[in-house]
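Coordinate-derived values only; no laboratory data. Bear in mind that the values here come from a model prediction, so they are computed numbers and not experimental data.
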Amino acid sequence: MFEGIEGSGKSYHIKNVSNYLKKKKIKFIKIREPGGSINSEKIRKLILNKKSKFDKFTDLLLYMASRNENFHNILLKNNKKKVILIDRFLDSTIAYQHYGMGVNLKIIKYINSLILKKIKVNFTFLNTVNKKNLKLRLKKRKNLNRYDNFNFKFYSKVQNGFLKLAKNKKNYLIIDSNLPIKLNKSIIFNKFKKLI
């Protein structure tokens, strides 16, 4: 899993890792959340549309609906058969919906358990970014979605939530995306090669 707030570099790194797997002819799939399967991509458009205004529970249920589609159409078929790379997954739901928006954590965990059953995350690369670089990176984006327009107080709550989830866990690697991108690329590759 590649996790992190907007502008943290996770999508860049997951792309590099998928290119590596292609070159090595290792079977893999890469999806993003929200999105992935055909129906999940439809849900993604609805969630991220700048004109969309949802109650926090509606938001949560849309994310979960997208995940449910991915579970039945992608994850179940490929689990333990291919390397599965996901750009945002379980931790994003907890970081954004619980720590960011205040949805009860028990509700999130319960719905996840219903959807994912016994599928577990092997490893998480958590990308972090400071306020200055977040602002600079969002300015460079041509198309901003609804989640690119929150204030920094919200992003700070979410990032702190991610860090709480990662604390003292062996299957996490925290990547400081304020450091040079080449350095982070080599850190991720060194760990990723060991994992596969």
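Figures for the structure shown
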quantity	calculated
Of HIS72, HIS13, HIS98, the one that fluctuates the most in a GNM where the chain has Cα springs shorter than 10 Å	HIS72
Where only C-alpha atoms are counted, convex hull volume of the range 5-81 per residue in Å³	107 Å³
Whole-percent pair-distance distribution, where bins are 10 Å wide, for the alpha carbons of the range 136-196	17, 35, 38, 11
Residue pairs, from the table LYS109/LYS139; LYS51/LYS132; LYS15/LYS139; LYS53/LYS118, whose Cα atoms sit over 29 Å apart	LYS109/LYS139; LYS53/LYS118
Separation between Cα centres of the range 6-56 and the range 79-125, rounded to whole Å	14 Å
12 Å Cα-Cα reach of LYS42 towards aspartates and glutamates, excluding residues that sit fewer than 8 places from it in its own chain	GLU33, GLU69
Links that overshoot a 25 Å alpha carbon limit, given the list LYS25/LYS81; LYS45/LYS193; LYS24/LYS185; LYS106/LYS164; LYS45/LYS82	LYS45/LYS193; LYS45/LYS82
Percentage, to the nearest whole number, of Cα pairs in the chain over 23 Å apart	42 percent
